[in-house]
Ligand code: AMP
Ligand code: SF4
């Protein structure tokens, strides 16, 4: 049992996108989820209101593999929601690809979700004992069952259901005439509202607005629910007990550099992390390089502060999914090999500062250090633009399991030896807080979770003693 918990995969890094009152809503949703593809490459789906009924189409794979733009242009719909899904071994399968469709005598609806419900097991047991039958293993379906059980108007039922959920969620619910948009009380996952012509757009990341020519209006607030219908936009809160704790990893790794997460540009935040890292852990070297793509901003910041030339030492093969996507360690290692090539003429005979955004299992760092040494680097100084990850994420980011986290078990010096670097340093917690400049969830770096994590909580604490 304990082993299960420490090997549990918690990974629902997803992207959600919604359109209300725009011609070609399905096509826009296709473009929207396409620009959120980095948030999940294992499944994609769109639910749209067609002739007064909700239709869902979804499949495993990339957005371009699941949908053909030609077929979408023929669909006449003014309201749609879409989703891209990330999952590793065990969590996949077509039934868990979203949107989740809920058939209900008071009116069908579809749900998309980014995040992770931490009291999912408790709620599932309760709901099943009261007769609910689940058709997926995803925690998203829980919201559907809770809504069905509550009383009142549809909006009241959603609000009551949301109060039962603990953890991270950015949800959208599409009915035949209304789009509901909501964010958990800690605001772990980003969710923004935009406008395009007479219609509204909702997206996990603002970069998707730019891609379709929409204008950013604002972020959905923690604990807020928006109702978008023919009456326009109605704003309310389902709880006043809010506690702003945006996920630090959204800035460090997950979001696109051209996105604004709660008003802060991701590229600028990463650059600042790199600058502070250089201030904290400078070393004499000839060049600074970054691991493409998510570390390039912090490498630029490091180079700018240190005045050591920024160079292009590694090239990424764009057509390979993220390393983590591969369920086994062997596949992951092969994935890293396929993903990166080294520029020998840049690296050869140089003392290199290699900047990466994070170390999770250590697979990437170990491989790249070797790659650089094989290409003739005299020294490889690894600099990580975030603190060591010592605890798993329970809020929807796959920072791996406790047993696989290299920094949970080894000291910085032991990690350095393991990855074969000449030196190794991480950004400090103070440095991270200074770079982002606002309250964040940093639980994977500190082990201090902003919410209770239920059955897991006690077991993890016990295990640590
Ligand atoms: P690892 O090889 O296990 O140490 O993973 C570190 C690499 O994975 C870094 O290059 C990061 O850019 C990337 N990374 C960090 N967090 C995640 C995540 N949650 N999902 C996928 N990749 C990640
Ligand atoms: Fe983000 Fe880490 Fe908090 Fe998870 S634990 S929400 S990855 S900061």
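Taken together, the values in this text are just the output of simple stated rules run on the coordinates, not laboratory data. Bear in mind that the values here come from a model prediction, so they are computed numbers and not experimental data. Here the Cβ is made from the backbone with ideal geometry for all residues, glycine too, and neighbour counts use every protein chain on show.
Based solely on its DSSP helices, what 222 nm [θ] is calculated for the chain when runs of n ≥ 4 H residues each add -39,500 (n - 2.57) and the sum is averaged over all residues, nearest 500 deg cm²/dmol? That calculation yields -8500 deg cm²/dmol at 222 nm.
Each of 415, 16, 242, 181 was scored by other Cβ atoms within 10 Å of its Cβ. Listed from fewest to most, they are 242, 415, 181, 16.
Based on the Kirkwood radius over alpha-carbon pairs, what is the Stokes-Einstein translational diffusion coefficient of region 226-323 at 37 °C with 0.692 mPa s viscosity, in µm²/s?
Working: Rh = 16.1 Å.
This corresponds to a translational diffusion coefficient of 204 µm²/s.
Report relative contact order for region 362-425 in percent, whole number only (criteria: Cα-Cα under 8 Å, sequence separation at least 6).
Values: 68 pairs, mean separation 27.0, N = 64.
So the answer I get is 42 percent.
Working from the Cα coordinates of region 29-74, the gyration tensor eigenvalues give, after taking √(5λ), semi-axes of 19, 11, 10 Å in decreasing order. Within the chain, the ratio Rg/Rh, alpha carbon atoms throughout and Rh by Kirkwood, equals 0.98. Between residue 122 and residue 37, the simple spin-label model (points 7 angstrom out along Cα→Cβ) gives 4.0 nm.
Look at 250, 198 and count the other Cβ atoms within 10 Å of each Cβ; fewest to most, that gives 198, 250. The mean sequence distance of close C-alpha pairs (under 8 Å, at least 6 residues apart), as a share of the length of the chain, puts its relative contact order at 14 percent. Here, P(r) means the percent of Cα pairs in each 5 Å bin from 0 to the largest distance; for region 77-137 it is 4, 13, 20, 26, 22, 10, 4, 1. At full extension, residue 231 and residue 346 could sit 35.4 nm farther apart than now, given 0.36 nm per residue minus the alpha carbon distance. With the gyration tensor restricted to C-alpha atoms of region 370-425, the semi-axes of the equivalent ellipsoid amount to 25, 12, 10 Å, longest first. Two decimals is fine: what is log10 I(q)/I(0) at q = 0.11, 0.15, 0.22 Å⁻¹ for region 165-301, from a Debye sum with one equal scatterer on every Cα and no solvent? Cα-only, vacuum Debye calculation for region 165-301: -0.49, -0.78, -1.28. Relative to the globular-protein estimate of 2.2 N^0.38 Å, the Cα radius of gyration of region 91-191 stands at 0.99.
FRET efficiency for the pair residue 108 and residue 258, taken as 1/(1 + (r/R0)^6) with r the Cβ-Cβ distance and R0 = 41 Å, rounds to 0.70.
In whole percent, what relative contact order does region 162-220 give with Cα contacts below 8 Å and a gap of six or more residues? Numbers along the way, then the final one.
Details: 89 pairs, mean separation 15.9, N = 59.
27 percent.
Among 189, 318, 164, the ranking by other beta carbons within 10 Å of each residue's beta carbon, starting with the fewest, stands as 318, 164, 189.
Cα convex hull of region 108-161: mean projected area in nm², to one decimal?
Numbers: hull surface 15.8 nm².
Result: a mean projected hull area of 3.9 nm².
I need the calculated FRET efficiency for the pair residue 53 and residue 163, taking r as the beta carbon distance and R₀ as 35 Å, to the nearest 0.05. For R0 = 35 Å, the calculated efficiency reads 0.70.
Quote the FRET efficiency, to the nearest 0.05, computed for residue 413 versus residue 434 with a Förster distance R0 of 30 Å and r equal to the Cβ-Cβ distance. Let's see the in-between values first.
Working: r = 25 Å, r/R0 = 0.83.
Between residue 413 and residue 434 the formula returns 0.75.
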